[in-house]
Amino acid sequence: MTATIIDGKAAAATLRADIAVEVARFAAATGRSPGLAVVLVGEDPASAVYVRSKGKATVEAGMESFEHRLPADTSEAELLALVDTLNGDPAVDGILVQLPLPPQIDADKVITRIDPDKDVDGFHPVNAGRLATGLPGFVPCTPYGCLMLLRSQLGSLSGKSAVVIGRSNIVGKPMALLLLGDSCTVTIAHSRTVDLPAIVRQADIVVAAVGRAEMVKGDWLKPGACVIDVGINRVEGSERGKTKLVGDVDFASASGVAGAITPVPGGVGPMTIACLIRNTLVSAARRDGFTLESAS
Ligand code: NAD
């Protein structure tokens, strides 16, 4: 192995510590703590784990966590009514509705009902438009976390050639826009891309957000490339009956060619949660006209 391992866990811990300092300053100046409301509908086990870690990180940063757990048969109207209440609640700076939602609820309808200025997930079309046009808003947490890791690993990204594999609204598209904002030359690859290995081989920066276990191989990479692996895939482990998490990149072969690479787990995942906490602090600061010194 030749690649530097990008320690997302350590980077996230540093960011969360910076945020906690700013939260204390905010609370001293305004007499309140930033608040994040997280809504979970149903009992999807993976979603429950995410919601628990988000709540824990919120409290550890000195913020208020408001958890709303609704039964799986909640109607769309009931969920929209809760979103309206949270939109109007002055103690709530950020609203996150955990996806996926049960089939009777239209997720797009719920996302567009959230006040864009409390949309700390950055999924509202208004925030997508702000990102596309370079206006201040909220950037989705996973791609923003990836950008932070890339900047800390590479310094300036200007002029670098970047390939983003995946074009989802949550990861691929905002990632491509963020890289463009940092003056990379960006290619977006997807399921219809022809000869993906040849395209990846051109890239100084590769962001894999596909959802296919270990798809990107070491011999697809330009030597020295910086590889960010967003994928979280559960596969059979080495021991019978056990599962393990792997990324979209074949770490064993890629780490012999890349200059730097994020591991799975311990790479992008912890940064996603840290960025959510950061977005909540930024929201509180904007709403109360408070100037942040760092963590922004
Ligand atoms: P998605 O399913 O919405 O999108 C996947 C994208 O990959 C699509 O745009 C599709 O065009 C592309 N794709 C599919 N097959 C392909 C192929 N063979 N070649 C090239 N492109 C192909 O998924 P998503 O929500 O963007 O998530 C992607 C991955 O990232 C998943 O594994 C997900 O679990 C993970 N994820 C991780 C975090 C985190 O915090 N680490 C957050 C969000 C998503």
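The values are calculated or read from the model by the stated rules, or taken from the named source; none is laboratory data. Keep in mind that this is a model prediction, so the values were computed, not measured. Cβ: placed from backbone, ideal geometry, glycine included. Neighbour counts: every protein chain shown. SASA here: full protein model, heavy atoms, side chains in, ligands and nucleic acids out. Shrake-Rupley method; radii C 1.70, N 1.55, O 1.52, S 1.80 Å.
Long hydrophobic helices in the chain, taken as whole DSSP H segments with a C-alpha length of 27 Å or more on their own axis and mean Kyte-Doolittle hydropathy at least -0.5: 8-30, 268-288. Residues Arg130, Arg16, Arg69, Arg278 ordered from highest to lowest accessible area at a 1.4 Å probe: Arg69, Arg16, Arg130, Arg278.
Within straight-line reach of Lys217, meaning a Cα separation under 14 Å, sit the following aspartates and glutamates at least 8 residues removed in sequence or on another chain: Asp195, Asp229, Asp248, Asp250.
Which residues make up the longest stretch of the chain clear of GluC sites (Glu not before Pro) that lie in a DSSP loop with no more than 16 other Cβ atoms within 10 Å, not counting the sites?
Free of exposed loop sites, the longest segment is 44-238.
Take every Cα pair under 8 Å whose residues are at least 6 apart in sequence, average their separation, divide by the length of the chain, and the relative contact order is 23 percent. Per residue, the accessible area of region 150-292 comes to 45 Å² when a 1.4 Å probe rolls over the protein heavy atoms. Cα centroid separation, region 139-167 to region 35-50: 27 Å.
Does anything in region 20-42 have its amide N under 14 Å from the 7 Å Cα→Cβ label point of Arg287, and if so which residues? Only 27, 30-38 pass the distance filter.
Compare Leu79, Leu36, Leu178 in a GNM of the chain, Cα atoms joined below 10 Å, and give the one with the largest fluctuation. Taking springs between Cα atoms under 10 Å, the residue moving most is Leu79.
What a 1.4 Å probe finds exposed on region 18-100 is 59% carbon and sulfur by accessible area, rounded to a whole percent.
Among Leu157, Ala57, Pro125, flag the residue with its Cα farthest along the positive direction of the charge dipole of the chain, charges on Cβ as +1 for Lys/Arg and -1 for Asp/Glu. My answer, from the dipole projection, is Leu157.
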